[in-house]
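The values are calculated or read from the model by the stated rules, or taken from the named source; none is laboratory data. As the structure is a prediction and not an experimental result, all values here were calculated from the model. In this analysis, Cβ positions are derived from the backbone assuming ideal geometry, glycine residues included, and neighbour counts consider all displayed protein chains. Each accessible area value is taken on the protein alone, full model and side chains, heavy atoms only, with ligands, DNA and RNA left out. Shrake-Rupley method; radii C 1.70, N 1.55, O 1.52, S 1.80 Å.
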Amino acid sequence: MKTSSFHIVPLPTEIADALITVDSPESSPCRHCLRWAQPGERVILFPYAAIPSGHPYSETGPIFVHADECQRYTATNEYPADFRNGRVFRAYDSNYNIIDAQGMNGSQPEVVIESLFQNPDTAFVDARSVTHGCFTFRVQRA
Ligand SMILES: [Zn+2]
């Protein structure tokens, strides 16, 4: 029924249209399959709370995932090949406090991650973009 005393406000199309078609290589890392989305592939950009709210280091930031189905990364005992460069690693304790952070400084990422886990207080390590700061993936003790 048509009304005259109110009208409905649907979400603007530019907000609903969250799909992005990737136009340059190594610009959009998919956090699900842990590889770079390729030019022409479609991704969704949305905010993700890598560190939940209610903590001093709480953080929500933009991440991409493929818009079309992709296989979740399964080689969980191997460092993702697409992200061997351009990452920084933050070590957190079990209360989500940052207790250490290291870049690669010419080292292999596995060496950096293992050195952060030598601290018994390290509960997990987050890999992030060294340039944009965006969360890429989490590393837990085996
Ligand atoms: Zn993907």
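Condition first: farther than 24 Å from Cys30 by Cβ and either touching a Gly at 6+ places or on another chain (Cβ under 7 Å) or open to solvent by 40 Å² or more (accessible area, probe 1.4 Å) (or both). Now tell me which residues in segment 75-100 satisfy that.
The answer is Ser94, Asn95, Tyr96, Asn97, Ile98, Ile99, Asp100.
Is it the case that Asn105 is in contact (Cβ under 8 Å) with a residue 12 or more places away in the chain and either surrounded by fewer than 16 Cβ atoms within 10 Å (Cβ to Cβ) or out of contact with any helix residue (DSSP H, G or I) (no Cβ under 8 Å at 6 or more places or on another chain) (or both)? Let's see the steps before the verdict.
Values: in contact (Cβ under 8 Å) with a residue 12 or more places away in the chain: no; either surrounded by fewer than 16 Cβ atoms within 10 Å (Cβ to Cβ) or out of contact with any helix residue (DSSP H, G or I) (no Cβ under 8 Å at 6 or more places or on another chain) (or both): yes.
Against the criterion (in contact (Cβ under 8 Å) with a residue 12 or more places away in the chain and either surrounded by fewer than 16 Cβ atoms within 10 Å (Cβ to Cβ) or out of contact with any helix residue (DSSP H, G or I) (no Cβ under 8 Å at 6 or more places or on another chain) (or both)), Asn105 does not qualify.
For a quick check of your reading: which strands (runs of 3 or more DSSP E) sit entirely within segment 26-139 and have at least 2 residues that are under 16 Å from the mean Cα position of the chain (by Cα)? Give the derivation first.
Working: elements: 42-51, 59-66, 87-92, 98-102, 124-129.
The strands (runs of 3 or more DSSP E) meeting that bar are 42-51, 59-66, 87-92, 124-129.
Residues of segment 42-74 being in contact with a Leu (Cβ under 9 Å, 6 or more places away or on another chain) and open to solvent by less than 50 Å² (accessible area, probe 1.4 Å), which ones?
Val43, Ile63, Phe64, Val65, Ala67 - these are the residues of segment 42-74 that are in contact with a Leu (Cβ under 9 Å, 6 or more places away or on another chain) and open to solvent by less than 50 Å² (accessible area, probe 1.4 Å).
Select from segment 1-23 the residues that are polar (S, T, N, Q) and surrounded by fewer than 10 Cβ atoms within 10 Å (Cβ to Cβ) and write down the one among them that is nearest to Thr74 (Cα to Cα). Step through it out loud before you land on a result.
Looking only at segment 1-23, we keep the residues that are polar (S, T, N, Q), and these are 3-5, 13, 21.
Cutting the leftovers down to surrounded by fewer than 10 Cβ atoms within 10 Å (Cβ to Cβ) gives us 3-5, 13.
Details: Thr3: 54, Ser4: 56, Ser5: 55, Thr13: 35 Å.
So, considering only residues that are polar (S, T, N, Q) and surrounded by fewer than 10 Cβ atoms within 10 Å (Cβ to Cβ), the one nearest to Thr74 (Cα to Cα) is Thr13.
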